[in-house]
1. If I go through the range 34-45 residue by residue, how many of them are surrounded by 14 or more Cβ atoms within 10 Å (Cβ to Cβ) and of a type in the set (S, T, N, Q)?
2. Out of the residues in the range 77-112 that are touching a helix residue (DSSP H, G or I) at 6+ places or on another chain (Cβ under 6 Å) and polar (S, T, N, Q), state the one that is modelled with the lowest pLDDT.
3. Can you name the residue in the range 88-141 that is β-branched (V, I, T) and over 16 Å from the mean Cα position of the chain (by Cα) and is also surrounded by the fewest Cβ atoms within 10 Å (Cβ to Cβ) among such residues?
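The values are calculated or read from the model by the stated rules, or taken from the named source; none is laboratory data. Bear in mind that the values here come from a model prediction, so they are computed numbers and not experimental data. Heads up, the Cβs are rebuilt from the backbone with ideal geometry, glycines too, and the neighbour counts pull from every protein chain shown.
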Amino acid sequence: MDMNSNDFEFLNLLKKGESIKVIGQKLGIPKSTAYYQFNKLKKSGYIQGLKVNIDYEKNGDGKTALIMVEMNEPTDGNLSSTIKKISENRIVSSAFVLKGEWNLMFTVNGTDENIDRLVKSDISDDKVIKRTQTLFITKHIEF
C-alpha cells in the first residue's frame, strides 16, 4: 500500500494519542472513513498493536521517569536479555540502547513505590548491572 499525506497525518495524530473520532474531525473526514483508514493502515502493517498511555499525573501520585543503566559487560547478549527482563514489568514503556557512560535507558510510568520496586528488585539485583540512576521527569514538552 502506498501512503499519502493523509495517511501520514493520520498516523502522526494517532501517535500523539488522538482518538479515531478526533482524528476524523481534524482531518475533516467522517468518523466511518476514519475507522476505515485506521483498519486499512493496520491491515497494511503501518499500525502494529495498540498501546494505552495512562496519564498518571491525573490521579496525583504517578510519575514518569528515565532509568539509566550501566552494565558490567555490555555485550549484545547481555543488553538483549536485560531489556527483555526489565521490559516485562508493566510500568516500563520503552527501552533505548545507548553509547557512552550509560548502556541502557528505560522510560517508566508509575507511582514512586512501583518505580522504586523496579529499580531495587528487578534492576539493581541483576549481576550484569553495575549501577543505575533514576531521573524523574517534571515536565514533558511535545513537539
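1. Of the residues in the range 34-45, 1 are surrounded by 14 or more Cβ atoms within 10 Å (Cβ to Cβ) and of a type in the set (S, T, N, Q).
2. Here the answer is N109.
3. Initial filter on the range 88-141 (β-branched (V, I, T)): 91-92, 97, 107-108, 111, 115, 119, 123, 128-129, 132, 134, 137-138, 141.
From the residues that got through so far, the ones that are over 16 Å from the mean Cα position of the chain (by Cα) too are 111, 119, 123, 128-129, 132, 134, 138.
Numbers: T111: 14, V119: 20, I123: 21, V128: 17, I129: 19, T132: 18, T134: 16, T138: 7.
Among them, the one singled out is T138.
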